[in-house]
Amino acid sequence: MSATVVVGTQWGDEGKGKFTDLIAAEMSMVVRYQGGHNAGHTLVVDGETFALQLIPSGVLYPHVLPLIANGVVVDPKVLIAEMDMLEKRGVSTKNLKVSSNAHLILPYHQELDALHERYLGENKIGTTKRGIGPAYADRSMRVGLRVQDFLDEELFRNKLTSALEYHNKVLTRVFNQLPLEADAIAEEYLNIYAPRLTPHVVDSVGLIHDELEKGGNVLLEGAQATFLDLDHGTYPFVTSSNPVSGGACVGAGIGPRNIERIIGIAKAYVTRVGSGPFPTELFNEIGDHLVDVGHEYGTNTGRRRRPGWIDAVMLRYAARINSLTELAITKLDVFDELEEIKICVAYDVDGERHEQLPSNQTLLHKAVPIYETFSGWGCDISEVTSRSGLPKEAENYLSFVEEQVGVPIGMVGVGPGREQVLHFGG
Ligand code: GDP
Ligand code: IMO
Ligand code: MG
């Protein structure tokens, strides 16, 4: 019985989907434990690209049971569209399961997300405007609707009416918008979405534990990342859930002792979408090169991702917070044409050297990276198949990252394809 967690170590888009898909070959169940359709996880299999938002990245294997657990916020319209997209492309979603305890995203969540961003103006978070924050806020306020409410029409209508009474006051009196109609939302959710989704609704906690008890391998797929975590990220420029590995316990209903392996996914450089501090951010032609070669545009929103050098201070923090057992480095191939590659080893803040992340965020805003510089390798590594086949400059870079973070590298990505991975082994 064992569970494995895949977790982002930076600000998202590290390649969690790709590695989840790869590792899922040996899994019986793949579980999303937090976030919602703010995520965009890309898989490339036999040259075909799949961009997933809500459905776990194990869905491509017929032997894997994909499960959306209690910690996820589900927009049923998006989930159904994603199921339809996969079915059309020949991927069965008949085994997909959705926790009865997962919370629903409702139309007012999306509207409030956009209005709140507009209200914040220059201080905006740069959210995906998918209604994630407002849906989790309703969960905390205890006025959220859950997937299980689909099963009781009267209860659904009552909860919706009372939640909307409050939200309509905010929409009309604070934001000067038109109120939303409870009946119209109830019709859409109860008549269109509920009949499609109820056959997939399960007791997810029971299902996961049954699987673990019978010796199955369960993979927990994090969305977003450590530095977007509500508690441990660069607050307030974070998402509204807990992507860190501890979040997998809460979001899926397992205990820490169920987890054996925790794989931190780290891009060979760093990207960030939306606002917030980013000490190693690059504003020069090297940053543009990383964006161009790495195709660093949001999977869903199309926004340009902000690029920067890899940051060992961040990765040390991610190693601690998540209890990482290994690192998987992605997109090493994006460096192929660079003459020099930098790794941030510490921050200089007002003349003082910091090797660990400062807990006072004002210091992070002022942090000046201290770099070690490495030579590039100047050749195409996308077809390399083993660690020993890497140019010595690439090996130097990876060994230094390993040493700086204090966590072994288990896998390295040299291209978007499922097979473009080097397995380092112990
Ligand atoms: P996620 O949100 O962490 O799953 O990452 P995204 O899918 O949003 O972004 C990662 C992007 O990098 C996707 O387009 C992947 O296909 C691509 N990718 C993943 N690993 C590699 C790699 O090793 N090399 C290259 N060139 N691309 C990769
Ligand atoms: P994956 O799983 C990158 C960012 C948004 C914004 C902040 C809050 O693909 O790595 P939200 O809509 O969650 O309230 O936005 O979080 N963000 C992501 N950035 N990858 C993601 O997911 C993200 N999900 C949210 O850009 O800065
Ligand atoms: Mg992504």
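Taking every DSSP beta bridge with both residues inside the chain, roughly what % is antiparallel (nearest 5)? Display every interim value, and only then the final one.
On the way: 26 of 63 bridges.
Antiparallel: roughly 40 percent of the beta bridges in the chain.
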- Computed label-point distance, nm, for sites residue 260 and residue 380 using a 7 Å Cα→Cβ extension: 3.9 nm
- Task: Mind grabbing the accessible area of residue 196 for me, 1.4 Å probe, Å², rounded to tens?
- Result: 90 Å²
- Checked against the positive end of the charge dipole of the chain (+1 on Cβ of Lys and Arg, -1 on Cβ of Asp and Glu, about the Cα centre), the farthest of 5, 212, 41 is 212
- Query: Of 16/366; 16/97; 18/94; 88/331, which pairs sit farther than 27 Å apart, going by alpha carbon to alpha carbon?
  - Reply: 16/366; 88/331
- Message: Projecting each Cα onto the charge dipole of the chain (Lys/Arg +1, Asp/Glu -1 at the beta carbon, about the Cα centre), which of 278, 312, 255 comes out farthest on the positive side?
- Response: 255
- Query: What is the Cα centroid distance between segment 363-391 and segment 102-142, reported in whole angstrom?
  - Reply: 37 Å
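Within segment 336-426, list the GluC sites (Glu not before Pro) lying in a DSSP loop whose Cβ has at most 15 other Cβ atoms in a 10 Å radius. Numbers along the way, then the final one.
Numbers: sites: 337, 339, 340, 352, 355, 372, 383, 393, 395, 402, 403, 419; in loops: 337, 339, 355, 383, 419.
Passing sites in segment 336-426 are 337, 339, 355, 383, 419.
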- Note on the structure: Other residues with Cβ under 12 Å from the Cβ of residue 367 give, with Lys and Arg +1 and Asp and Glu -1, a net charge of -4
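In segment 303-364, what trypsin sites (Lys or Arg not before Pro) fall in a loop by DSSP, with at most 16 other Cβ atoms inside 10 Å? Provide the component values of the computation, followed by the final result.
Details: sites: 303, 304, 305, 316, 320, 331, 342, 353; in loops: 303, 305, 331.
Sites meeting the loop and neighbour criteria: 303.
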- Size of electric dipole in the chain: Cβ of Lys, Arg +1 and of Asp, Glu -1, about Cα centre, debye, nearest 20: 940 debye
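Relative contact order (percent) for the chain, with alpha-carbon contacts under 8 angstrom and 6 or more residues of separation?
In percent, rounded to a whole number, it is 20.
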- Rank 373, 20, 93 by mean-square fluctuation in a GNM of the chain with C-alpha springs under 10 angstrom and give only the top-ranked residue. 373
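The values are calculated or read from the model by the stated rules, or taken from the named source; none is laboratory data. None of these values were measured; they are calculated from a predicted model. With ideal geometry, Cβ positions are generated from the backbone for all residues, glycine too; neighbour counts draw on all protein chains shown. Just so you know, the surface numbers come from the protein's heavy atoms only, side chains and all, with ligands and any DNA or RNA stripped out. Shrake-Rupley method; radii C 1.70, N 1.55, O 1.52, S 1.80 Å.
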